Amino acid sequence: MDTIEVSNLNRQFLFRQKHVGQSKAKVAREAVLKFKPHIKITPYHANVKDPEFNVDFFKQFNVVLNGLDNLDARRHVNRLCLASGVPLVESGTTGFLGQVTVHVKGKTECYECQPKPAPKTYPVCTITSTPTKFVHCIVWAKDLLFAKLFGNKNQENDLNVRSTDASSSSEHTEDVFEHRVDEDVEQYGRRIFDHVFGYNIEVALRNEETWKNRNKPRPVYTRDALPPRPIEQNGNKDKASNTGDPSSVSAMASLGLKNPQDLWSLRENSEVFLEALGLFFLKREKEIGQLGFDKDDQLAVEFVTSAANIRATSFGIPLHSLFEAKGIAGNIVHAVATTNAIIAGLIVLEAMKVLQNDVKSYRMTYCLEHPSRKMLLMPVEPFEPNKSCYVCSETPLTLEINTHRSKLRDFVEKIVKAKLGMSLPLIMHGVALLYEVGDDLEEDEVANYAANLDKVLSELPSPVTGGTILTVEDLQQELKCSINIKHREEFDEEKEPDGMVLSGWTPALATEKNKTSDNGPSSSNASQTVPLEPEDDDEIEIILKDPEILSAGKKRKSTDISVAADSEISSVTGAMLIKSKVEADDSHSDVMVDGNLDTNKKKRVQ
């Protein structure tokens, strides 16, 4: 369901300003047909994880080129390619760095054979109480404050939301985020401001032990940051949203702030905070309660930037511009069009090798920022499947977890979905079905599984304790794995914030293959990790081997590669799927899906 954004325009050559807001797959098709009008391209404005794009759908194609922008979707496509036996060409770029890899079932390692660098996580106590970096303030503003104000009210939130002033008894504490009937939006905004930036900081200062070895934060109230009189900007608000398009509403426009790279003062940040909050309630009230942060939502970015900067002021952390804050909040690594073009060319070369079944010529190629031995492109032969990979080798995993405290919901959200990337999981203990999702379930089954989610593991109908072996399966991905449960009482909150540790999926140790200089190092020898540009909460990273080691690998042979003039291409949610055909009419056929397509991100080919 991906559409073209302004930030996409400088990193590729298919989209123009007039295409902003349109489907990436459809516009890409139109652009390609202008210089190759006789081929057939079928675009899908859909999500690659939709049920229609199942194993049977993938089996139609000869190769898949991946253009997805998040780890979860990439793993999903990798598993469908394995299940359907279709080769996958994976790729990615970030700045001047890039890579292209080929994954063929049984012949090369799959996309998940080597662990990807885990998304950076921060302990809740650091985010809520003792931030030391601007990114901590961004996470607080985005995942706690924004979510509490505009997201699902029933969702658990670690933000302090209770008022304990003298006028509130312990029996009648109020939710300070509740918009009172008798207050206007500006009064509400100032009350929220004073609570989260003033009162909460004062409460934190009462714990003197916390600040023995830390700099004490400074409470900030509206009386400190803003003029004594209320700011009148109703006229500007009307002007900022007179288009009727909610996405065009902007606090910056209301306040006359034009340059997103300017560094705002405390007063300007405070004004933007109140203005953005007010505009959400005045112009986008219907969305409140279901909003999630989106880096392409201008008003959301303005709110998060201003809130993060005000909090940064309290803790003595340097402020950032909206442009910088947006990059941090959206995990954005700015793209370079020429790098994308180089990687795109390498993708095509590998795709043609796959279509010709030229297995010996497959290469994993890394694009470097600085030459190594006078080379910017480092090709090495693909690695063999990792025997420890739970995806393509079905190796059992081990989970350390407190079975007396952790609920089934924790296991599903933090392990099955977040770590294993399963979309429609089924969880079994022996022959007992503990959890399942699907449209074909009866109402009583749905209620039963929902009830199980809130039960502690050891109190499930079929208790899960130390020594239990759980079977987890995703029918859509046709993936099944076993998890050995190991009970553990305590976890380090700093190092193990999830309260559980999954292991057993480890890089293969050095083998005879690795001793052969022809094949280069195993991908476990990563020396650099570079974050890609994920748009969801997943952080995707390119893993680059040591350039000096890579240069020892075999260079890609210079071969004359030609592919049948007729091929059929399908593009679905960022993945390009190609059917190779030989026909007299020279008609090519492609399928393009634009759920999360981005030319700055890795691409897969079927």
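The values are calculated or read from the model by the stated rules, or taken from the named source; none is laboratory data. Not measured: the values here are computed from a predicted model. We place every Cβ from the backbone using ideal geometry, glycine too, and count neighbours over all the protein chains shown. For accessibility, only protein heavy atoms count, side chains too; no ligands or nucleic acids. Shrake-Rupley method; radii C 1.70, N 1.55, O 1.52, S 1.80 Å.
Is at least one residue of region 454-463 within 16 Å of Asp410 (Cβ to Cβ) and loosely packed, with under 13 Cβ neighbours inside 10 Å? Among the residues of region 454-463, at least one is within 16 Å of Asp410 (Cβ to Cβ) and loosely packed, with under 13 Cβ neighbours inside 10 Å, which makes the answer yes. Looking at region 294-309, I want the residues that are more than 22 Å from Pro219 (Cα to Cα) and have a partner that is of a type in the set (Lys, Arg) with Cβ atoms under 8 Å, at least 6 apart or on another chain. Which pairs are those? Listed pairs, sorted by first residue: Lys295/Lys326; Leu299/Arg284; Val301/Lys295; Val301/Lys326. In region 8-90, counting only helices (runs of 4 or more DSSP H) that sit wholly within it, the ones holding 1 or more residues that are modelled with pLDDT under 90 and either crowded, with 24+ Cβ neighbours inside 10 Å or touching a His at 6+ places or on another chain (Cβ under 7 Å) (or both) span 24-35, 71-84.
When you look at Pro396, is it open to solvent by less than 60 Å² (accessible area, probe 1.4 Å) and not hydroxyl-bearing (Ser, Thr, Tyr), yes or no?
Numbers: open to solvent by less than 60 Å² (accessible area, probe 1.4 Å): no; not hydroxyl-bearing (Ser, Thr, Tyr): yes.
Against the criterion (open to solvent by less than 60 Å² (accessible area, probe 1.4 Å) and not hydroxyl-bearing (Ser, Thr, Tyr)), Pro396 does not qualify.
The set of residues in region 91-119 that are farther than 20 Å from Tyr362 by Cβ and assigned to a loop (DSSP other than H, G, I, E, B) comprises Gly95, Phe96, Pro115, Lys116, Pro117, Ala118, Pro119. Every condition in (1) at pLDDT 90 or above; (2) open to solvent by 60 Å² or more (accessible area, probe 1.4 Å) is met by Ala251 except one, and the failing one is (2). The number of residues in region 1-55 being charged (D, E, K, R) and within 23 Å of the chain's Cα centre (by Cα) comes to 7. Against the list (1) at pLDDT 80 or above; (2) within 33 Å of the chain's Cα centre (by Cα), the condition Lys120 fails is (1). Based on this model, can you work out whether Glu369 counts as of a type in the set (D, E, K, R), surrounded by fewer than 18 Cβ atoms within 10 Å (Cβ to Cβ) and either in contact with an Asp or Glu (Cβ under 7 Å, 6 or more places away or on another chain) or not in a strand (DSSP E or B) (or both)? Considered against the rule, which asks whether it is of a type in the set (D, E, K, R), surrounded by fewer than 18 Cβ atoms within 10 Å (Cβ to Cβ) and either in contact with an Asp or Glu (Cβ under 7 Å, 6 or more places away or on another chain) or not in a strand (DSSP E or B) (or both), Glu369 comes out as no. Ala308 satisfies every condition listed in (1) crowded, with 20+ Cβ neighbours inside 10 Å; (2) at pLDDT below 90; (3) within 25 Å of the chain's Cα centre (by Cα); (4) in the same structural domain as Lys142 (by TED's automatic domain parsing) except (2).
With respect to Thr403, is the statement that it is under 30 Å from Gly106 (Cα atoms) and either touching a strand residue (DSSP E or B) at 6+ places or on another chain (Cβ under 7 Å) or at pLDDT 90 or above (or both) true? Considered against the rule, which asks whether it is under 30 Å from Gly106 (Cα atoms) and either touching a strand residue (DSSP E or B) at 6+ places or on another chain (Cβ under 7 Å) or at pLDDT 90 or above (or both), Thr403 comes out as no.
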